[in-house]
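**Q** This is the structure, below, for whatever I ask next.
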Amino acid sequence: MIWGSIILKFNSFSEARAFFTSHPANCISSGFGLGLITIAPGTIGTLLAFPVYEILLLLVDPGKILVAIIVMFLIGIWASAETGELLGEHDSSVIVWDEVVAFCIVLFFTPNHLFWALLAFFIFRFFDIFKPYPINLIDAELANGLGVMLDDVVAAFYTLLCLALVKLLV
């Protein structure tokens, strides 16, 4: 069955569905199931931030977008901890809500233009994948929901610093 090779950590689609629906934290932390895909789940989670951010823009007063992202961050701490405990791996690749929230932060501070969005996406993925200091330290030392969420927020901060530098040079 093709699903067995696509779904991460599960032998069948029904096992993946059972995991996804067994607890609200699993649904949230897996980016509504996208984290179950084996091919580049972090990248897929980052891509999910685009529609999530657009939905925030539609539903939330512009002055309260950052507050909504903070609430998403706090929910992510809980959901990531619950899912990590269930899987026995604090920062499992199934957990992609950290990428969603962190990249929403980037989108909040990034000019609304395709060039900036794409540049931000690639810079963020670089920092999220290679985890330079102190991202690597946060990832290693905080083996809990806060650590899962915080290392991506630092990657978002580094991304914003790079974008600011590019904006100065362009």
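**Q** Given the options PHE122, PHE126, PHE108, name the one that is in a helix (DSSP H, G or I), more than 19 Å from VAL148 (Cα to Cα), free of Cβ contacts under 8 Å to residues at least 24 places away in the same chain and open to solvent by 50 Å² or more (accessible area, probe 1.4 Å). Can you show your working first?
**A** Numbers: PHE126 fails: more than 19 Å from VAL148 (Cα to Cα); PHE108 fails: free of Cβ contacts under 8 Å to residues at least 24 places away in the same chain.
Matching residue, one of PHE122, PHE126, PHE108: PHE122.
**Q** Those residues that are without any contact (Cβ under 8 Å) to a residue 60 or more places away in the chain and within 14 Å of the chain's Cα centre (by Cα), I need them from region 140-150; list them, please.
**A** GLY147, LEU150
**Q** Now for a different question. Report, by residue number, each residue of region 8-19 that is open to solvent by less than 50 Å² (accessible area, probe 1.4 Å), at pLDDT below 85 and over 10 Å from VAL94 (Cα atoms). Show your work before the answer.
**A** Pass one, region 8-19, residues open to solvent by less than 50 Å² (accessible area, probe 1.4 Å): 8, 10, 12, 16, 19.
From what's left, at pLDDT below 85: 8, 10, 12, 16.
Correct list: PHE10, SER12, ALA16.
**Q** So which residues in region 132-153 are open to solvent by 40 Å² or more (accessible area, probe 1.4 Å), within 16 Å of HIS90 (Cα to Cα) and at pLDDT below 95?
**A** ASN136, LEU137, ALA140, GLU141, LEU142, ALA143, ASN144
**Q** So, one more: Which residue pairs have Cβ atoms under 6 Å apart, sit 6 or more places apart or on different chains, and have a first residue in region 153-170 that is within 19 Å of PRO132 (Cα to Cα) and of a type outside the set (D, E, K, R) and a second that is open to solvent by 40 Å² or more (accessible area, probe 1.4 Å) and at pLDDT 95 or above?
**A** From residues that are within 19 Å of PRO132 (Cα to Cα) and of a type outside the set (D, E, K, R), the pairs are LEU160/PHE109.
**Q** Looking at region 80-103, which of the residues that are under 25 Å from LEU66 (Cα atoms) and in a loop (DSSP other than H, G, I, E, B) is most open to solvent (accessible area, probe 1.4 Å)?
**A** ASP91
**Q** Could I ask something else about it? When region 28-65 is examined, which residues are found to be farther than 25 Å from ILE123 by Cα and either in contact (Cβ under 8 Å) with a residue 40 or more places away in the chain or open to solvent by 80 Å² or more (accessible area, probe 1.4 Å) (or both)?
**A** Selection gives LEU58, LEU59, ASP61, PRO62, LYS64.
**Q** Okay, next question. Pairs needed: first member in region 79-91, under 15 Å from CYS27 (Cβ atoms); second member anywhere, of a type in the set (Lys, Arg); C-beta distance under 9 Å; at least 6 residues apart or different chains.
**A** Final answer for the pair search is LEU87/LYS9.
**Q** Condition test on GLU85, is it under 20 Å from ILE39 (Cα atoms) and of a type in the set (D, E, K, R)? So that I can check it myself, show each step before the final result.
**A** Values: under 20 Å from ILE39 (Cα atoms): no; of a type in the set (D, E, K, R): yes.
No, not satisfied.
The values are calculated or read from the model by the stated rules, or taken from the named source; none is laboratory data. Quantities reported herein were computed from a predicted structural model and do not represent experimental measurements. Methodologically, a virtual Cβ is constructed for each residue, glycine included, from the backbone with ideal geometry; neighbour enumeration extends over all protein chains shown. To get the accessible areas, we keep the full protein, side chains included, count just its heavy atoms, and leave off ligands, DNA and RNA. Shrake-Rupley method; radii C 1.70, N 1.55, O 1.52, S 1.80 Å.
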